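This report refers to the structure that appears directly beneath it.
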Amino acid sequence: MSALLEVRDLQVEFGTPNGAVRAVDGVSYTLAEHEIVGLVGESGCGKSASQLAIMQLIQTPPGRIAGGEVLFEGHDLLKYAKNGPEMRAVRGGRIAMIFQEPMTSLNPVLTIGQQLAEATRTHLGLSKREAQDKAVELLRLVGTPSPETRVNDYPHQFSGGMCQRVMIAMGLSCDPRVLIADEPTTALDVTTQAQVLRLMRELVERAGASLVIVTHNLGVVARYVHRISVMYAGRVVESGTTKDLFAHPRHPYTLGLLQSVPRLDEHQGSRLIPIDGLPPNLIDMPGTCAFLPRCSHAIDRCREEPWPELANVGEGHSVRCYAQVAGGSA
Amino acid sequence: MSASQKVLPSGAACAVAPPRVSPRRVAVQTLLHRKLFMGCAVFVAVLLIVAVFAPWIAPYPPNQTDLLNRLAPPSWQHWLGTDTLGRDTLSRVIYGSRVSLLVGLVAVALSALIGVVLGTVAGYFGRWVEAVVMRFMDALMTIPMILLALTIAALMGGGLMDVVVAIGVSMIPPYARLMCAETQSIKRKDFIVSLRGMGAGGWRIMAGHVVPNAFSHVLVFMTMQIGAAILAESALSFLGIGVPPTVPTWGSMVADGYRYLFTDPILSIAPGVAIMATVFAFNMIGDTLRDVLDPRLRGTFTLAGKHS
């Protein structure tokens, strides 16, 4: 599998009155064709910012892409003019993005059909008639009942789950190579989350696209992604195949995340173990490991030496830690 | 919410949807049930017909003088009497509706078009674009409307189109302000980011998404401004800087008649009532449209909730 999307040393800064905050600090990852990758981390760890940066959708000011490369189909996307025609052709056409708030991510005064048609008319050059037919077909594809009438409805007449399906339909409408889903299930009922994720996996596989799922919920995506990158304080701290990461987490943070998610195969009455403390203030980052203050596995070396680089610890499994939880107790 | 219950459990559970009425239809139904709105709408419609077909409806040509019958009281020949030159007041009120409506509609359309474009662009791009456009608008706003219109009309010489342009230009700032504020709030909404993520450019977002979202506000403001424009035209005519004196307008008629207010009050009252009724009708239409078109109320309207 060759790399379809390669992100190298991506850096995103936000200007604040107290100085620049490096929200994304040297994130690198690759996405192979037909691959589904999960990007996991808690709020504010830079996972959404890194994805917005790939599409050059960071609002400037206050945001700024401070460095790095995003290689896609042989081009560095960050070299394109921010709102130039090349970048606009990539957005929605070659790389599509699904946002986390389905209810507010649709224009309330236009019908679902008009909004679905807009993308296909722009990127595929369909006529009004063709775009309308395509919109109905897309709605049927994502499991909307009676799409012929629903296509003329307004977003407020749809439930959250249905809106999310519309967003997925819109994302897939122009046959993108990469689909980036930013917290696609956060706003949804637990009952709907699995449905939406399954639908997304199915459609992505059928269309031969690749998928990046950004989420804070390890449990939700575990069944659907091939590889997971765990982010903390703007950096990837551990990355590996889903199986490997769940069985043998090496970074104490990953272990902490896994332990804080309820599991059905555990004895009744066993307690969840939360991660103590709060994420570090990004304005005032220590030179050492950012997780150190919350880490219960820290060794002397962690306090003395700077945060290590990602180091390979196995087949496609890398971790950014000196202490490394030995071989899996999750 | 019944919609979520209907849809959530599984994709197939809601194959049979209950009959739904489109919001547009609900809005139209609501409007039809409002008596005041319908009354005003019919009045405006009649006014438009009268203005268009004035030569066929008016009993006399507007400038036909009858010097033997000057300042005649209302009679079967002259329903509203005649003025100092023996011109039929009713005919002049009927012809006057042409100028008043033309000025009202065209000036408002002109100012709305320019104001919406400027405001949207300023609000969307922000920063120096906004600073330049909006400070210019502020400057325009500091000049009283009548004074500005007077200046423009005086500079251009004073004809019907000059009056329209003068009033139109002086009414641009409020539209620009309205749209600028609306755009600033709309452009921060999630769906705008999502649109950009789908590859939409700035102009497409502005024309296709920002303006439609603010349109009900603009539309309502426009109907209210129609009244203001008609009054401004009357004021300009009253001051003598309006259209040429040979063209009958409601404003100039009020001005001509006020000298005879005690002896022949109808000379001023007839066009005055026409101005008042027209302004009232447009304002009421604007008021009702605001209630019905406000997007926050969309879909909450039921026919049971109607009131006149």
Between A:Met97, A:Ser146, A:Phe14, whose Cα lies farthest towards the positive end of the dipole of the protein assembly as shown when Lys and Arg beta carbons carry +1 and Asp and Glu beta carbons carry -1, centred on the Cα centre?
-> A:Ser146
Short version: ³J(HN,Hα) in whole Hz for each residue of the stretch A:6-20, in order, from phi by Karplus 6.51 cos²θ - 1.76 cosθ + 1.60 (θ = phi - 60°), x for Gly and Pro, what are they?
-> 10, 9, 10, 6, 6, 10, 10, 10, 10, x, 10, x, 9, x, 6
Please list, or write none, the aspartates and glutamates whose alpha carbon is within less than 14 Å of the alpha carbon of B:Lys35, excluding same-chain residues fewer than 8 places away.
-> B:Asp287
Of B:Gln77, B:Gln184, B:Gln225, the one that fluctuates the most in a GNM where chain B has Cα springs shorter than 10 Å | B:Gln77
Grab the DSSP H runs of chain A that are 4 residues or longer, score each as -39,500 (n - 2.57), total them, divide by all residues and round the 222 nm result to the nearest 500 deg cm²/dmol.
-> -8500 deg cm²/dmol
By Cβ neighbour count within 10 Å, fewest first, B:Met171, B:Met38 rank B:Met38, B:Met171
Would you list, by chain and number, the aspartates and glutamates whose Cα falls below 15 Å from the Cα of A:Lys134, excluding same-chain residues fewer than 8 positions away?
-> A:Glu118, A:Glu148, A:Asp175
Computed over the stretch A:235-319, the ratio Rg/Rh where both radii use C-alpha atoms and Rh is Kirkwood | 1.00
Just how large is the dipole of chain A about the Cα centre, in debye to the nearest 20, putting +1 at every Lys and Arg Cβ and -1 at every Asp and Glu Cβ?
-> 420 debye
Can you sort A:Ile180, B:Ile275 by how many other beta carbons sit within 10 Å, fewest first?
-> B:Ile275, A:Ile180
Please report the orientation-averaged projected area of the protein assembly as shown, defined via the convex hull of its C-alpha atoms, in nm².
-> 36.6 nm²
Cα gyration tensor of the stretch B:155-194 diagonalised, 5x eigenvalues square-rooted, in angstrom largest first, produces semi-axes 36, 8, 5
When the Karplus curve 6.51 cos²θ - 1.76 cosθ + 1.60 is applied with θ = phi - 60°, which whole-Hz ³J(HN,Hα) does each residue of the stretch A:234-244 get, with x for Gly and Pro?
-> x, 10, 7, 9, 7, 8, x, 5, 3, 4, 4
If you build a Gaussian network model of chain B, linking Cα atoms that sit under 10 Å apart, which residue out of B:Ala27, B:Ala149, B:Ala176 swings the most?
-> B:Ala27
In Hz, Karplus ³J(HN,Hα) per residue of the stretch A:89-102 (6.51, -1.76, 1.60; θ = phi - 60°; x = Gly, Pro) = 5, 5, 4, x, x, 9, 10, 10, 10, 10, 9, 7, 9, x
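Direction-averaged shadow area of the convex hull around the Cα atoms of chain A, nm²?
18.1 nm²
How many Å³ per residue does the convex hull of the Cα positions in chain B occupy?
Once divided by residue count, the hull of chain B is 172 Å³.
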In the stretch A:27-73, GluC sites (Glu not before Pro) in a DSSP loop with at most 12 other beta-carbon atoms within 10 Å | A:Glu73
The answer for A:Ile98, listing residues at least 5 apart or on another chain whose modeled amide H is closer than 5 Å to its amide H, is A:Ile180, A:Ala181, A:Asp182
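Test of understanding: ordering B:Trp76, A:Trp307, B:Trp128, B:Trp250 by Cβ neighbours within 10 Å, fewest first, what list do you get?
If I rank by nearby Cβ atoms, fewest first, I get B:Trp76, B:Trp128, A:Trp307, B:Trp250.
Among the listed pairs A:Lys47/A:Lys128; A:Lys47/B:Lys189; A:Lys47/A:Lys82; A:Lys79/A:Lys243, which have their C-alpha atoms separated by more than 28 angstrom in this model?
Working: A:Lys47/A:Lys128 37 Å; A:Lys47/B:Lys189 20 Å; A:Lys47/A:Lys82 20 Å; A:Lys79/A:Lys243 36 Å.
Where the Cα-Cα span goes over 28 Å, the pairs concerned are A:Lys47/A:Lys128; A:Lys79/A:Lys243.
Hey, what's the per residue convex hull volume over the C-alpha atoms of the stretch B:60-179, in cubic angstrom? Kindly include the intermediate steps, with their values, before the conclusion.
Values: hull volume 14.1 nm³, N = 120.
Per-residue hull volume (Cα only) is 117 Å³.
The numbers here are math on the coordinates, done by the rules we state, and not lab data. Just so it is clear, the model here is predicted, and its values are computed rather than measured. Note: ideal-geometry Cβ built from the backbone for every residue, glycine included; neighbour counts use all protein chains shown.
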